[in-house]
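Below is one structure, written out as C-alpha cells; the observations come after it.
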Amino acid sequence: MKSETKLMQAKDISILALWGGSILAIIYLSLQPGADIPTPFLHSDKVGHFIAYGWLGFLPAIAFSSRRSVWTSAAAMILLGVVLEYCQSYVPQRMASPGDMVANTLGVFIGIFLAGFVLRSSKRPSD
C-alpha cells in the first residue's frame with residue numbers, strides 16, 4: 001500500500017509539472033506578436049483557446065484530490081486567461097478579445113468536467 005501511495009504521488013507530481021509547463025507555454029504563445037496565421041474557418045482561434053484552456057482545467061482536476069484545490073486552480077486559470085487577453089492589447093499585432101475570454105473560461109469548465117468523467121470511469125469495478 002505504501003508503494004502505491006508513492007506511485008500516486010509521483011503521478012500527481014508529473015501531472016502538475018506538465019500543467020506548469022503548459023501554463024508557461026500558453027503565456028509565452030499568448031504574448032508573442034501577432035502573425036498572419038491562416039484560419040481554416042471562422043472563429044477557429046476560439047476553438048484553439050477552448051482546447052488550450054480545457055487542457056489547463058483538465059490537468060489539475062486529475063492531479064488534485066480536493067474539490068477546493070480543483071476550483072481554486074480553475075479560478076486561477078480563468079484569471080490567467082483574462083489577464084493574458086488584457087496584456088495582448090499591448091502586444092504588437094494582437095488585441096484583447098472578450099470572445100477569447102469566454103472560450104478560455106468554457107474550456108476550463110469542460111476540462112474539469114471531462115477530468116471528473118475520466119476519474120469516475122477509471123474507478124468503476126471491472127466486470
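Every read-out reported here was derived from the displayed coordinates using simple, explicitly stated rules and does not represent laboratory data. Since this is a predicted model, take the numbers as computed values, not measurements. Because the Cβ atoms are built from the backbone with ideal geometry, glycine has one as well, and the counts that use them run over all protein chains shown.
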- prompt: Residues Gly20, Gly81: which one is surrounded by 14 or more Cβ atoms within 10 Å (Cβ to Cβ), of a type outside the set (A, V, I, L, M, F, W, C) and not in a loop (DSSP other than H, G, I, E, B)?
  reply: Gly81
task: Looking only at region 95-108, decide whether some residue is closer than 23 Å to Ser14 by Cα and surrounded by 15 or more Cβ atoms within 10 Å (Cβ to Cβ).
output: yes
task: Residue by residue through region 109-127, note down the ones that are of a type in the set (Val, Ile, Thr) and either surrounded by fewer than 18 Cβ atoms within 10 Å (Cβ to Cβ) or not in a helix (DSSP H, G or I) (or both).
output: Ile110, Val118
